[in-house]
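Working notes, structure below.
The values are calculated or read from the model by the stated rules, or taken from the named source; none is laboratory data. Predicted, not measured: the structure shown is a model, and the values here were computed from it. Here the Cβ positions follow ideal geometry from the backbone for every residue, glycine too, while neighbour counts run over all protein chains shown. For accessibility, only protein heavy atoms count, side chains too; no ligands or nucleic acids. Shrake-Rupley method; radii C 1.70, N 1.55, O 1.52, S 1.80 Å.
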Amino acid sequence: MPHNVTPPLRASRASRQTVVPLPLGDVPFLCRRARVQQRRKAYDKAIRLLERAVQLAPDDVDAWYLLAEVLAEAGRFAESNEALWRLRELCPEWADVWYFLASNHAYLGAYEEAEAYALRYLEREPQGEYADLAHDLLEAVYAELHQADEGGGPPQNGSIVQRHEHARALLETGRFHEAQALLEDLVKAHPDFLPTRNNLALAYYYTGRLERAVAAVEAVLAQDPHNLHALCNLAVFCVNLGDWPRLVHLSRLLVKLIPLQPEAMYKLATTLGLLGEHERARVLLRKLLDWARMEEAPLLHFAAVAAYNTGHPEEARRLWEKAVRLSGDPVAAYYLQVMEEVEAGKRAAPEALPYQHQIPLEGYEQVALLSPQELPEGLRNDPLVRASYLWALRFGDAATKRRAIEALAQLGDSEGEAALRQFLLDPDEADDLKALAFLALLSRGGRGFAAGEGERPGDEGSVPGWLSVVAGWPPAWRKVLLSLSVQYNADRENPVYREAVALWCAYVMAKRPEPRQIRKPEAWAAAVEYVAARRVGKPVKQRELAARYGVAPSAVSRIARLLRLALAKP
């Protein structure tokens with residue numbers, strides 16, 4: 001024997017008699033040992049054990065499943081896919097394999113394949129264990145494929161799951177009215193696909209239509225009384241409606257639930273936090289952190305909020321510090337600064353913190369006091385901020401609604417326009433606020449003011465559809481707008497016409513609640529056009545206008561002076 005080779009160790013006769021041989025042919029034993037190595041992140045050892053297991057038992061489903069899982073955790077996604085396809089052969093009816101294939105292909109950058117597998121999983125298991133994760137994965141995939149951009153998204157003839165995913169993306173980006181329209185169509189076409197109803201309820205909620213939101217979620221519970229997302233959403237709606245008896249019943253039910261899926265546990269924990277069940281929320285969030293190994297910034301923040309709200313500020317501090325350390329989370333950094341200011345005596349300690357992963361704005365009334373330009377850069381397109389404007393428009397006082405109208409007009413997108421159009425059609429809103437909304441829309445080019453069905457712009461016997469928004473005005477005031485509409489055939493692209501309507505709305509708002517008596521609407525319309533034409537650099541003679549409107553030139557001159565004085569513009 002060479003001198004540099006260590007001889008094998010030999011046990012004594014006595015010790016050999018007590019040695020228990022390892023059951024290397026025992027597949028369950030190998031899987032258990034692999035689990036231990038997996039938890040230690042010793043992936044190579046775990047994989048060797050599992051490869052031995054599948055060699056011994058080529059048809060053992062558990063061994064193949066665990067091998068696919070460990071290979072994926074080790075970053076060996078292509079090999080994990082091979083194990084998954086073997087699983088597919090052994091269990092052709094098992095739908096979860098499609099989700100795992102989708103996840104692996106996403107990590108490999110094969111986004112089209114990932115999309116196809118995720119959609120296949122959701123079509124098979126719309127309420128399955130990994131449904132929420134599949135939805136999240138699709139959102140990421142669509143972002144990579146540029147399918148969630150403005151004007152993009154799945155085609156109109158796409159599958160129910162594709163169109164539903166596009167609606168979810170619209171909700172996530174604050175385009176609530178677009179999402180609502182799409183989801184309403186999907187519910188009509190596929191009434192049994194419950195995720196669309198749940199998200200339709202959220203679309204109604206974000207736009208302030210609480211009664212519709214409740215009705216949508218009740219439709220879900222009628223088909224599935226134990227649907228956790230619907231129960232959680234209904235509890236939040238009841239808080240906003242002040243339906244305390246029903247809320248008490250829901251709270252007693254929710255605190256007893258113990259979800260097994262991480263996404264369901266996350267939803268329940270944040271809902272319980274919103275309901276004031278902070279201790280139960282803290283238990284669930286801590287369990288998620290310990291059990292599911294989830295350490296995303298929102299989860300760490302919510303766990304910190306629950307800790308703070310249950311009297312554990314140091315635990316909250318540690319969680320926020322971890323969020324900053326892992327991802328530089330600005331929300332966590334903000335709350336760490338708050339705690340430092342409290343300790344320095346610069347501010348009072350908050351009684352309770354909100355379960356929202358954003359730097360706080362104190363309610364929709366305060367948000368409405370800020371224009372989009374005054375908001376921090378990261379919040380201008382935040383869906384919760386946009387929802388605050390919509391809630392201010394629906395539930396605020398007159399001053400708050402006025403600021404919300406101005407803010408939505410400044411946003412300058414289809415979502416703000418849809419909200420203002422809907423506001424104009426509400427018979428309970430004040431006429432002066434409707435006039436402001438009308439003016440705001442007109443400043444955007446007047447999109448959405450098409451003539452009503454069966455109406456012809458310019459027909460003196462009818463009123464253009466958009467003019468119905470000022471139906472509450474005195475008849476003579478409406479007649480001024482009608483006269484202008486007739487003269488210009490309601491051509492919203494004509495700069496004189498647009499300026500004339502804007503000028504008249506501004507005058508109406510300036511004169512309310514003590515309106516001037518108007519005896520000759522046509523003379524006022526001629527004077528409005530005269531001032532508007534000069535403003536846009538297209539002056540016209542008073543005599544020509546007087547002849548066109550059938551009034552005296554002196555009346556046009558007199559009223560034009562009144563308009564200039566009232567609006568204080570030369």
Selection over segment 378-413 where residues are open to solvent by 50 Å² or more (accessible area, probe 1.4 Å), at pLDDT 75 or above and of a type outside the set (Lys, Arg) yields a count of 5
In this structure, is Ala143 farther than 23 Å from Lys267 by Cα, at pLDDT 85 or above, surrounded by fewer than 17 Cβ atoms within 10 Å (Cβ to Cβ) and of a type in the set (Gly, Ala, Ser)?
no
Going through segment 219-237 in order, the residues found to be part of a helix (DSSP H, G or I) and out of contact with any helix residue (DSSP H, G or I) (no Cβ under 7 Å at 6 or more places or on another chain) are Ala222
Please state which of the following conditions Ala450 fails to meet, knowing it meets all the rest: (1) modelled with pLDDT under 55; (2) in a helix (DSSP H, G or I); (3) closer than 29 Å to Glu211 by Cβ.
(2)
Lys267 being more than 22 Å from Leu221 (Cβ to Cβ), in contact with a Leu (Cβ under 7 Å, 6 or more places away or on another chain) and crowded, with 16+ Cβ neighbours inside 10 Å
no
Kindly indicate which of Ala546, Ala552, Ala560 is buried (at least 19 other Cβ atoms within 10 Å of the Cβ), at pLDDT 80 or above, farther than 26 Å from Leu433 by Cα and out of contact with any Leu (no Cβ under 9 Å at 6 or more places or on another chain).
Ala546
Counting just the residues of segment 182-200 that are acidic (Asp, Glu) and at pLDDT 90 or above, which one comes out least open to solvent (accessible area, probe 1.4 Å)?
Glu184
Scanning segment 203-218 residue by residue, the ones that are in contact with a Lys or Arg (Cβ under 7 Å, 6 or more places away or on another chain) and assigned to a helix (DSSP H, G or I) total 2
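Would you confirm whether any residue within segment 123-132 is assigned to a helix (DSSP H, G or I), within 29 Å of Leu49 (Cβ to Cβ) and of a type outside the set (A, V, I, L, M, F, W, C)?
No, there is no match, as no residue in segment 123-132 is assigned to a helix (DSSP H, G or I), within 29 Å of Leu49 (Cβ to Cβ) and of a type outside the set (A, V, I, L, M, F, W, C).
How about segment 272-330: which helices (runs of 4 or more DSSP H) wholly inside it have at least 1 residues that are more than 26 Å from Glu341 (Cα to Cα)? I'd like the intermediate steps shown before the answer.
Working: elements: 278-291, 297-309, 313-327.
Those helices (runs of 4 or more DSSP H) span 278-291.
Does Tyr65 qualify as being under 38 Å from the mean Cα position of the chain (by Cα), at pLDDT 85 or above, open to solvent by less than 40 Å² (accessible area, probe 1.4 Å) and not hydrophobic (A, V, I, L, M, F, W, C)?
Numbers: under 38 Å from the mean Cα position of the chain (by Cα): yes; at pLDDT 85 or above: yes; open to solvent by less than 40 Å² (accessible area, probe 1.4 Å): no; not hydrophobic (A, V, I, L, M, F, W, C): yes.
Against the criterion (under 38 Å from the mean Cα position of the chain (by Cα), at pLDDT 85 or above, open to solvent by less than 40 Å² (accessible area, probe 1.4 Å) and not hydrophobic (A, V, I, L, M, F, W, C)), Tyr65 does not qualify.
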Lone qualifier among Thr196, Thr207 - being closer than 25 Å to Asp426 by Cα and within 18 Å of the chain's Cα centre (by Cα)
Thr207
Matching residues in segment 321-343 (touching a residue at least 24 places away in the same chain (Cβ under 8 Å) and small (Gly, Ala, Ser)) number 3
Which one is farthest from the chain's Cα centre (by Cα), of the residues in segment 223-252 that are farther than 21 Å from Glu129 by Cα and among the aliphatic types (A, V, I, L, M)?
Val248
All but one of (1) surrounded by 15 or more Cβ atoms within 10 Å (Cβ to Cβ); (2) under 23 Å from the mean Cα position of the chain (by Cα) hold for Val338, so report the exception by its number.
(2)
Considering only residues that are assigned to a helix (DSSP H, G or I) and touching a residue at least 24 places away in the same chain (Cβ under 8 Å), which ones fall in segment 530-551?
Tyr530, Val531, Ala532, Ala533, Arg535, Arg548, Tyr549
Failed condition for Val217, given (1) within 28 Å of Lys188 (Cβ to Cβ); (2) of a type outside the set (Phe, Trp, Tyr); (3) open to solvent by 30 Å² or more (accessible area, probe 1.4 Å):
(3)
Of all the residues that make up segment 238-266, how many are touching a helix residue (DSSP H, G or I) at 6+ places or on another chain (Cβ under 7 Å) and touching a residue at least 60 places away in the same chain (Cβ under 8 Å)?
2
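Hey, among the residues in segment 93-122 that are of a type in the set (Ser, Thr, Tyr) and either open to solvent by 30 Å² or more (accessible area, probe 1.4 Å) or part of a loop (DSSP other than H, G, I, E, B) (or both), which one's modelled with the lowest pLDDT?
Tyr111
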